[in-house]
């Protein structure tokens, strides 16, 4: 379980670093809304991974699938909103 939390923290740090580097490279100025929705989307993605992996490890395959379906679809919806907000800020 500790390895999963370490992996999620690493993914979070790499994603933030990548987003910052992408903003600097493309010369995109994100607003507070852009950063906020990006962080919410990232948290939603990491929660989806955490829920599914922990449910799978505990032997609750149905809960893992339901988490992927529910939280994964929410993450995809948030990602599409984030994409539009970032594209608009260009």
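In table form, for the structure just shown:
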item	result
In segment 69-90, the residues that are without any contact (Cβ under 8 Å) to a residue 24 or more places away in the chain and under 13 Å from the mean Cα position of the chain (by Cα)	73, 76, 77, 80, 83
Meets criteria (assigned to a helix (DSSP H, G or I) and more than 16 Å from the chain's Cα centre (by Cα)) for residue 29	no
Filter pass, residue 71 being surrounded by 15 or more Cβ atoms within 10 Å (Cβ to Cβ), over 22 Å from residue 89 (Cβ atoms), touching a helix residue (DSSP H, G or I) at 6+ places or on another chain (Cβ under 8 Å) and at pLDDT below 95	no
Residue 72 outside any helix (DSSP H, G or I) and under 20 Å from residue 5 (Cα atoms)	no
Some residue of segment 41-61 being over 22 Å from residue 5 (Cβ atoms), more than 17 Å from the chain's Cα centre (by Cα) and surrounded by 12 or more Cβ atoms within 10 Å (Cβ to Cβ)	no
Within segment 17-59, tally of residues that are at positive phi and modelled with pLDDT under 90	1
Single match in 3, 30, 16 (criterion: loosely packed, with under 12 Cβ neighbours inside 10 Å and farther than 18 Å from residue 71 by Cα)	3
Pairs, first more than 30 Å from residue 53 (Cβ to Cβ) in segment 8-32, second in a loop (DSSP other than H, G, I, E, B) and at pLDDT below 90, C-beta under 8 Å, six or more apart	26/90; 28/90
Verdict on residue 44 being assigned to a helix (DSSP H, G or I) and in contact with a helix residue (DSSP H, G or I) (Cβ under 9 Å, 6 or more places away or on another chain)	yes
Residue check, residue 61 touching a helix residue (DSSP H, G or I) at 6+ places or on another chain (Cβ under 8 Å) and within 18 Å of residue 79 (Cα to Cα)	no
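The values are calculated or read from the model by the stated rules, or taken from the named source; none is laboratory data. Here the structure is a predicted model, which is why all the values come from computation and not from measurement. In this analysis, Cβ positions are derived from the backbone assuming ideal geometry, glycine residues included, and neighbour counts consider all displayed protein chains.
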